[in-house]
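Bear in mind that the values in this text are calculations on the coordinates, not laboratory data. On a predicted model such as this, the values are computed, not experimentally measured, just so you know. All Cβ positions, even for glycine, are placed from backbone atoms using ideal geometry, and neighbour counts span all protein chains on display.
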Amino acid sequence: MGRLAEERFASDCTILVDGHPIPARAGERVTSALLAAGQPLLSRSAKYHRPRGPFCLAGSCSSCLVRVDGVPNVRACQTPCREGLRVETQNAVGGAAHDLLGAIDWLAPHGIDHHKVATWNQLVNRVAVSASRKLAGLGLLPDEVPAPWPEASDERFEALVVGSGPAGLGAAEALARAGKKVFLAEREPALGGRLRCRLDLAEDPPLEWAGEVAEAVRRAGGEVARGAAVIGLWPGEGEATAAVVQAGEPPRMRRVRAARVVLASGSWIQRPVFERNDVPGIHAARSLAVMLAEDGVLPGERLAVLGRGPEAEAVAARFAAAGLAVERLDGEIATARGRNRLSGLDLADGRRVPCDALAVATARMPAAELARSVGAPLELDPETGAFRVRPGAGGAVAPGIHAAGEVTGPCSAAEAARAGREAGEAAARG
Amino acid sequence: MARTFLCTCEDATVEDVRRAFEKGYRDLESVKRYTGIGTGPCQGKTCLAIAARELLKLGATPGEVVPFTVRPPLHPTLFGALASLDPEALPIDEGVPRRPPAVERPRPSGPLPAKAQVVIVGGGIMGLGLAYNLCKRGITDVVLLERGFLTGGASGRNGGGVRAQWTTPTMIRLAQRSLDIGDSFAAEMGINTWFRRGGYLFLAPTPKQVERIEKNAVIHAENGLRTRVLTPGEARQVVPEIDDTRFLAASWNPDDAVVFPWPYVWGYASRAEALGAKVRTFTRVTGFESEGKRLTAVNTDQGRIAAEVVVNAAGAWSKELAALAGVKLPNEPERHEILVSEPLKPWLGPLVSNLGNGLYFSQSLRGEIVGGMADPKEPKGLHMGSTLRFLSRFSRALTEIIPRTAGVKVMRQWAGCYDVTPDNNPILGAAGYDNFLQLNGWVGHGFMMAPAVTELMADWMAGDPPDEIFTRFTLSRFERGETAGEDFIIG
């Protein structure tokens, strides 16, 4: 727990979590500050009021929803720290650590069938419905009327690339080289996608490549937009329209239209399936690696790493080098221990692994939502249950729309970069 | 407790999914709805693959393991952000998702019998409610055919409002009966519908609208409703967050209600089946056979079924279905879009509707804001895509009337189709053939009327004299010119 003792990782501001000061680095995510402070507990879950803490750390799951400066249900992992930022835990009576409603979990050991509960009598049902309403919901309505957003822009580019991981960088570079005016949309504040893990796997393009691509895009008249989340993509006559939420001061909506689109939206982590798999302290391995590289965050003292392959191996090596006791799990997990924080894992073979953090490097699911919304054909991998986009030549998935990288299934960063380049070239021709 | 979670947004466990599967909710769309997986703030990003894998382990077929429909926004997005888009600059188009052709379909829920006394086409609340009510009256040789999964049509896509504030004694009577049934539905059917009488608050922003609600309030009083016309200040006592400068008066009935629509459908289906009816999902009607003035059989993609009576309860597909029998209905499907926000602690009691622009919204029992808004430019047609234009129009209208919602995020948008008739009234009774009964054309209020209407229809089919609605709202009224339009359609 804590941070690497390097000058560049020293904290320079304080955020307030339920009124308690937590040291942080300005600009880093709230979850980085919390994990560095040894606090993976953030709130309580919707139904059973179980302790919840950040899992994906990349804005895809809902395990880190908190109230930030009076706005409910904000992802802590997407919220930059600044002096005095007010973070409040949600859905807990008496604090996330000692939530009185946690009793619900203990009173219903076999679960609550919400379809059947209290249906035996009309009067009982009415009382139960009224009580359920009081218990439901996560955050509270905002305290105040937020400042209005500036009027949304309407912009045209020759090409839109969604995602700046290796596939998106490859596509943007190819399009820029072909002279196209590209809009490269990256939801995170930094470019690179999984290259930000700095795992330096064999043949991985270096992260510095992202800077070169950004320069090439700008030279061709395009724009590299960081903190730009594409929330929807609508195909139209000869061009597609993307709705983009652009972070900034103030944040704004951008309507971005382009005749060519490359979807390089990557993949989402899936929660591994074992008993008590929701205990705070279980995190996506890639995100932990990014937090280590960029914020020097050490998520615990004893880290277990779940998953096979070079990525899991490299994550384990990085944290071992950072001074953590690291154990790679080679068996199936039966159950997790710990209540407000992970304290160990019982494996299916009976072994017990003490740990206070678990890095999940198992199969990820293609982030195929945008591709699916434009009608991309899919293929199911029966082993992982993941649906991958099945593109045609040059990554084509719909008229004018291409897909590349992990959205089309598991691949190395080098393979993703290559596929991205091909998709970019095909898009530039089309 | 030692739970194994599959969806941590909704606290749904692997065990919940297994139970749903064993109950017959086998395909991913149905499993999602029955267990809640994928319906929370992450919209399935953290559970879709593991859910698919669990279903495969349980023995689901490839046709059943197809991802649930993807809808915008990809990430929860503030109403305040979406309100900054100019809706007039955005097209009404087909919307998303565009669907690739299905390779395999889920298998039907059971084999098709060779014959049945009553064949009902359409597994929405109308058809299922009728099947249940027929069974209750001893007519149990009933087969219901549904082309997709239960809740796939408008019965699974509506906002769940049930109101008595209508403009004619007939509609008020039907709605009041539906509200009464709503009170006891959970206990009678053994499934929670989260029925809550939070009232309906109609806002009148113009003098003309004020006149309209004042006139309606008189009709309501004559028909035993507690409707009151409120000043903006009084309306603010009902909804403290409302901007009371945006309207002149409001029509308030505290007895109107909001429900969660899906369990009504499941409840009717499972009770009807328990009483002897056969509900066959993923079974598509392809044609009819007839002799003289009677239909004799229904052909489907799963085979032929001989029928003594055929009921068309196909909602937005009613016109298409009737055409297969050579019967021309004046109904037209019309897309209506709707959305849901992230879940909040309870703050909004009633369903609020703005008569000035067609906005309506309520807070579901899960805490989400659920609402829609009709678009006067919407063309007729069977589309269910989601548009950016709707997100923008709705967000502007909502944040105008409740400014604090600008800091609340949209979680998902979707769409369904109204089954629209020329006079906004339903099509009931026989049409084209003596034994081809219509139960359609409900123009967006079928869900709330179904509990009452299907009781009356079952009474009639069981031999009672018909309620006046079955002689008044026939197809032939259009030829006779006996139409009186209903003007209180919202959403």
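Can you tell me what the convex hull of the Cα atoms of region B:411-465 projects to on average, as an area in nm²?
5.4
Report for chain A the percent antiparallel among DSSP-assigned beta bridges with both residues inside it, nearest 5.
55
Please check chain A for the longest run free of GluC sites (Glu not before Pro) that are loop-located per DSSP (anything but H, G, I, E, B) and have at most 15 other Cβ atoms within 10 Å.
A:7-82
What ranking do B:Thr61, B:Thr13 get, fewest neighbouring Cβ atoms within 10 angstrom at the top?
B:Thr61, B:Thr13
Is region B:361-483 best put as rounded, prolate or oblate by its Cα gyration tensor, with a ≥ b ≥ c the root eigenvalues, rounded for a/c under 1.5, and otherwise prolate when a/b is larger than b/c, oblate when not?
Prolate shape, in that a/c is at least 1.5 and a/b is the bigger ratio.
Please report the orientation-averaged projected area of chain A, defined via the convex hull of its C-alpha atoms, in nm².
22.8
Which whole-number percentage describes the relative contact order of region A:351-430, with Cα contacts under 8 Å and a sequence gap of 6 or more?
25
What distance in nm separates the simple spin-label points at B:Asp423 and A:Ala190, each placed 7 Å from Cα in the Cβ direction?
6.9
Report the gain in length on full extension from A:Ala178 to A:Ile112: 0.36 nm times residue separation, minus Cα-Cα distance, nm rounded to one decimal.
Full-extension gain reported as 17.9 nm.
Taking the square root of 5 times each eigenvalue of the Cα gyration tensor, what semi-axes in Å does the equivalent ellipsoid of region B:256-400 have, largest first?
Here the semi-axes work out to 38, 21, 12 Å.
Under a cut-off of 18 Å between alpha-carbon atoms, report the lysines in cross-link reach of B:Lys278, not counting same-chain residues fewer than 8 places apart.
B:Lys23, B:Lys115, B:Lys136
Could you name the lysines in cross-link range of B:Lys328, using Cα to Cα under 20 Å and dropping any fewer than eight places away on the same chain?
Hits, sequence-local ones excluded: B:Lys293, B:Lys319, B:Lys380.
Taking a ≥ b ≥ c as the square roots of the eigenvalues of the Cα gyration tensor of region A:195-280, is the shape rounded (a/c under 1.5), prolate (a/b larger than b/c) or oblate?
The shape class here is oblate.
First select every other residue whose beta carbon is under 12 angstrom from the beta carbon of B:Asn425; then total the charges, Lys and Arg +1, Asp and Glu -1.
-3
In peptide A:44-51, how many Cβ atoms from other protein chains are near each Cβ within 10 Å, on average?
Partner Cβ neighbours, averaged per residue: 4.
Run the dipole for chain B about the Cα centre, Lys and Arg Cβ at +1, Asp and Glu Cβ at -1, nothing else charged, and hand back the magnitude in debye, nearest 20.
1000
What do you get for Rg/Rh over the protein assembly as shown if you use C-alpha atoms and the Kirkwood form of Rh?
0.97
Please compute, over every Cα-Cα pair in region B:177-280, the percentage with a separation greater than 25 angstrom.
Within region B:177-280, distances greater than 25 Å cover 40 percent of Cα pairs.
Determine by what factor the alpha-carbon radius of gyration of chain B differs from 2.2 N^0.38 Å, reporting the quotient.
0.95
Take A:His98, A:His115 and order them by how many other Cβ atoms sit within 10 Å, fewest up front.
Arranged by neighbour count, lowest to highest, A:His98, A:His115 become A:His98, A:His115.
Would you kindly calculate the translational diffusion coefficient of region A:329-395, applying Stokes-Einstein with the Kirkwood radius from alpha carbon pairs, for 37 °C and a viscosity of 0.692 mPa s, and quote it in µm² s⁻¹ without decimals?
220
When DSSP assigns beta bridges and you keep just the ones with both residues in chain B, what percent turn out antiparallel, to the nearest 5?
75
Go through region B:34-43 residue by residue and turn each phi into a ³J(HN,Hα) via Karplus (6.51, -1.76, 1.60, θ = phi - 60°); whole Hz please, and just put x for glycine and proline.
6, 9, x, 4, x, 9, x, x, 8, 6
Are there cysteines in chain A with no other Cys C-beta under 4.7 Å, and if so, which?
Unpaired cysteines in chain A: A:Cys13, A:Cys64, A:Cys77, A:Cys81, A:Cys197, A:Cys355, A:Cys411.
Add +1 for every Lys or Arg and -1 for every Asp or Glu among the other residues with Cβ under 11 Å from the Cβ of B:Pro403, and state the total.
-2
Which lysines have a Cα less than 26 Å from the Cα of B:Lys345, not counting those fewer than 8 places away in the same chain?
In chain and number order, the partners are A:Lys47, A:Lys116, A:Lys134, B:Lys32, B:Lys45, B:Lys409.
Quick one: B:Glu455, B:Glu241, fewest Cβ neighbours within 10 Å first, how do they rank?
B:Glu241, B:Glu455
Roughly what % of DSSP beta bridges within the protein assembly as shown run antiparallel, to the nearest 5?
Percent antiparallel among DSSP bridges in the protein assembly as shown is about 65.
How big is the equivalent ellipsoid of region B:22-109 along its three axes, where each semi-axis is √(5λ) from the Cα gyration tensor, reported in whole Å from largest to smallest?
Those come to 31, 16, 10 Å.
Taking square-rooted eigenvalues a ≥ b ≥ c of the alpha carbon gyration tensor, is region B:1-154 rounded, prolate or oblate, where a/c under 1.5 means rounded and, failing that, a/b exceeding b/c means prolate?
Cα axes put region B:1-154 in the oblate bin.
How far apart, in nanometres, would the label points at B:Arg137 and B:Glu241 be if each is projected 7 angstrom from Cα along the Cα-to-Cβ direction?
My value for the distance between the label points is 4.4 nm.
Scaled to the compact-protein estimate 2.2 N^0.38 Å, what is the alpha-carbon radius of gyration of region A:26-71, rounded to two decimal places?
Here the answer is 1.16, to two decimals.
Add +1 for every Lys or Arg and -1 for every Asp or Glu among the other residues with Cβ under 15 Å from the Cβ of A:Arg218, and state the total.
The answer is -1.
Return one number: the angle in degrees, 0 to 90 and rounded to the nearest 10, between the long axis of the Cα atoms of helix A:310-321 and the longest principal axis of the Cα atoms of chain A.
60
Between B:Asp183 and B:Lys377, what FRET efficiency comes out of the Förster formula 1/(1 + (r/R0)^6) with R0 = 35 Å and r the beta carbon distance, rounded to 0.05?
The formula returns an efficiency of 0.35 here.
Could you check the simple spin-label distance between A:Glu155 and A:Glu313, using points 7 Å along Cα→Cβ, in nm with one decimal?
Label at A:Glu155, label at A:Glu313, 4.2 nm between them.
In nm², what is the average projected area of the convex hull enclosing the Cα atoms of region A:1-121?
Result: 9.2 nm².
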